[in-house]
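Data first, discussion second: the structure below is written as structure tokens.
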Ligand SMILES: [Zn+2]
């Protein structure tokens, strides 16, 4: 790669620079040594080693997917079909993926992750989080995180996904395992700890104990909260200053107020409601209350088997009453905030050179053209990592 790369002919450039909140038109962008060093009118584009003209396309920051479960084997297409035929969704379906994941070889997990990583890049996701949670034994959780860390720095220990079959009569024993030997084995490969605090999974006291143990082990905190029913998850998240409370489908006014007065991001994952035929979270209520809202894929084989952030944006706009620009911000800048990252999710000078050239004149097209692949070229750290139609 040349040392500096200029992108010219940008019809609409989204930077999320608070100093220049409006979209830039007829714009250009310069990447040097993997980072954004300049944005502005294309007439003022500095001399660079190489220049690419995108002929009026819109350019946005690479998507930041702050909630994904790509460490698994097998799929659950039959369960999806049964659910669409009327069976309800329950957290226990996770156990069938646990059995498949435990039986898989390291290479099988590695190649499934590589396949999903390629899908993420094709859909414009340049930063993604990867949770464990389908091993639920010390060695199976440890290897999931070790393999995940080959592809992303945003690794999350989710030993507290569900209580595995062998501990059904001894949930306290499983919490002791998660907060003891399993945490010890997993912490070196993880940046975050997460817990599924909901019906059929872990209660508020268990979630608090698990997150506090993770914090002592040096991990940041995130939580699956209030997906299936109202509950204590959001309150626990705010109380412990978790980076993100995820799902947030069933919230009380107290929950919304707590989030609004905190630095905890509400990460909404509408692929899960889509795939379980459930009511969507009320994004409008959260945004109007001043909560920072992120969008994520929740990519997992049971309840949201998508790697398409554009699909999540389209649902968020159509079904959750977000504006197109709010949805794009939720999938980029606020996704980064949910991972407490300041180097991605925007294109201000100093940001990582992670961006998407859309096959569209405006980012509105991501929601306006649902189901259409508008992701033309994807750059990560200034390198072209996906090119749908070679120039
Ligand atoms: Zn999840």
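Quick look at the numbers
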| item | result |
| --- | --- |
| Equivalent ellipsoid semi-axes, the stretch 262-328, via Cα gyration tensor eigenvalues times 5, rooted, Å | 19, 12, 11 |
| Residue exposure sequence - 299, 197, 374 - by fewest surrounding Cβ within 10 Å | 374, 299, 197 |
| Rg/Rh ratio calculated on Cα atoms of the chain (Kirkwood radius) | 0.98 |
| Residue 217 versus residue 106: modelled label distance in nm, points set 7 Å from Cα along the beta carbon direction | 2.0 |
| In degrees, nearest ten, helix 309-320 long axis to first principal axis of the chain (Cα) | 80 |
| Max mean-square fluctuation residue, GNM over the chain, Cα-Cα springs under 10 Å, options 229, 151, 381 | 229 |
| Separation of alpha-carbon centers, the stretch 128-154 and the stretch 56-90, rounded to whole Å | 18 |
| In nm, spacing of pseudo-spin labels at residue 19 and residue 203 (7 Å Cα→C-beta vector) | 5.3 |
| Anisotropy class of the stretch 83-241 from Cα gyration tensor, a/c 1.5 cut | rounded |
| Estimated [θ] at 222 nm from DSSP helical runs (n ≥ 4, -39500 (n - 2.57)) normalised by residues in the chain, nearest 500 | -9000 deg cm²/dmol |
| Within a Gaussian network of the chain (alpha carbon springs, distance under 10 Å), most fluctuating of 42, 227, 165 | 165 |
| Cα long-axis angle, helix 138-148 against the chain (0 to 90 degrees, to the nearest 10) | 0 |
| Mean shadow area of the stretch 12-120, taken as a quarter of the surface of its Cα convex hull (nm²) | 11.8 |
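Just so you know, all these numbers are worked out from the coordinates, no wet-lab data involved. Quick caveat: nothing in here was measured; it's all calculated off a predicted structure. All Cβ positions, even for glycine, are placed from backbone atoms using ideal geometry, and neighbour counts span all protein chains on display.
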